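The values are calculated or read from the model by the stated rules, or taken from the named source; none is laboratory data. If you're wondering where the values come from, they're calculated on a predicted model, not measured in any experiment. For neighbour counting, all protein chains shown are included, and Cβ atoms are generated from backbone atoms with ideal geometry for every residue, glycine included.
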Amino acid sequence: MLGLGRYQKGELVVIVAGSPPGTVGSTNLIHVHRIGEEDH
């Protein structure tokens, strides 16, 4: 994401996803990530 030039290190982004993909109302993952940090 840093390589795209759209975000700067330290900014927060929210990632949402659902399973199964393509199913309306199936959002079951919300993840807040700080750019430049490793997930553990």
With the first residue restricted to the range 3-28 and required to be at negative phi and modelled with pLDDT of 85 or more, and the second required to be outside any strand (DSSP E or B) and among the aromatic types (Phe, Trp, Tyr), Cβ contacts under 7 Å at 6 or more apart or on different chains are VAL13/TYR7
Please find, within the chain, the residue that is surrounded by the most Cβ atoms within 10 Å (Cβ to Cβ) out of those that are hydroxyl-bearing (Ser, Thr, Tyr) and in a loop (DSSP other than H, G, I, E, B).
TYR7
